[in-house]
Amino acid sequence: MYPVALQEIVDFFESLPEAERRESLIDYAAAAAACAPLPGSQWRVADVRHDPECTDKVGIFLRLDEAGGVHFAVELGPRVQTLTRAMTAILCRGLDGCTPAQVLGLPADVVPRLVGAELVRLRSRTIYYVLDRMKQAVQRLPKDG
């Protein structure tokens, strides 16, 4: 159902009690800086903007490898919230090397499976932001790949 790497992360989060799940999300949020684009990197899609549903600017960068796998980098402004940072790190890791079709076909139910129902209720409007932006980046790829 999900790409293998993402399924492993989902399985890990679903095995945790709520308190440990939140601690793990905080750990992932701290790792989000490692998802930033490296200076001088070349990207097929670079989409940097500040949307109303997010507290700061977010840049989504996408490149394709020779086999057609996608690789994301995400640049987050300093006011981006912890949960968005966590989703950034999770999705960058879990979707690395996937096909564009796998990214576009990823069901939104992955989000509550990762963060838990309580956080989805509290952050219902912003919780899907990074996933939506990654899908938009894939849709912007030229049709010739």
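Take the residues in the range 13-31 that are among the hydrophobic types (A, V, I, L, M, F, W, C) and touching a Leu at 6+ places or on another chain (Cβ under 9 Å); name whichever of them is surrounded by the fewest Cβ atoms within 10 Å (Cβ to Cβ). I'd like the intermediate steps shown before the answer.
So the first thing to find is which residues in the range 13-31 are among the hydrophobic types (A, V, I, L, M, F, W, C), and the list is 13, 16, 19, 25-26, 29-31.
Applying the additional criterion that residues be touching a Leu at 6+ places or on another chain (Cβ under 9 Å) yields 13, 25, 29.
Details: 13: 18, 25: 23, 29: 21.
Filtering the range 13-31 for residues that are among the hydrophobic types (A, V, I, L, M, F, W, C) and touching a Leu at 6+ places or on another chain (Cβ under 9 Å), the one surrounded by the fewest Cβ atoms within 10 Å (Cβ to Cβ) comes out as 13.
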If only one of 21, 79 is part of a loop (DSSP other than H, G, I, E, B), among the basic types (Lys, Arg) and more than 16 Å from residue 131 (Cα to Cα), which one is it? 79
Note on the range 100-120: residues buried (at least 16 other Cβ atoms within 10 Å of the Cβ), farther than 22 Å from residue 17 by Cβ and not aliphatic (A, V, I, L, M) are 100, 102
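Regarding residue 85, is this residue among the basic types (Lys, Arg), closer than 18 Å to residue 133 by Cα and crowded, with 17+ Cβ neighbours inside 10 Å?
Criteria met by residue 85.
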Would it be correct to say that residue 82 is among the polar types (S, T, N, Q), within 18 Å of residue 106 (Cα to Cα) and within 15 Å of the chain's Cα centre (by Cα)? no
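Conditions (1) part of a strand (DSSP E or B); (2) touching a helix residue (DSSP H, G or I) at 6+ places or on another chain (Cβ under 7 Å); (3) under 17 Å from residue 73 (Cα atoms), marked per residue:
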position: 11; (1), (2), (3): no, no, no
position: 16; (1), (2), (3): no, yes, no
position: 29; (1), (2), (3): no, yes, yes
position: 33; (1), (2), (3): no, no, yes
position: 43; (1), (2), (3): no, no, yes
Can you confirm whether residue 61 is modelled with pLDDT of 95 or more, of a type in the set (Phe, Trp, Tyr), outside any helix (DSSP H, G or I) and in contact with a Cys (Cβ under 6 Å, 6 or more places away or on another chain)? no
Which one is nearest to residue 142 (Cα to Cα), of the residues in the range 59-101 that are among the acidic types (Asp, Glu) and touching a His at 6+ places or on another chain (Cβ under 7 Å)? 65
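The values are calculated or read from the model by the stated rules, or taken from the named source; none is laboratory data. It should be emphasised that the depicted structure is a prediction, and the values quoted were computed from it without experimental measurement. All Cβ positions, glycine included, derive from the backbone under ideal geometry; neighbour counts span all protein chains shown.
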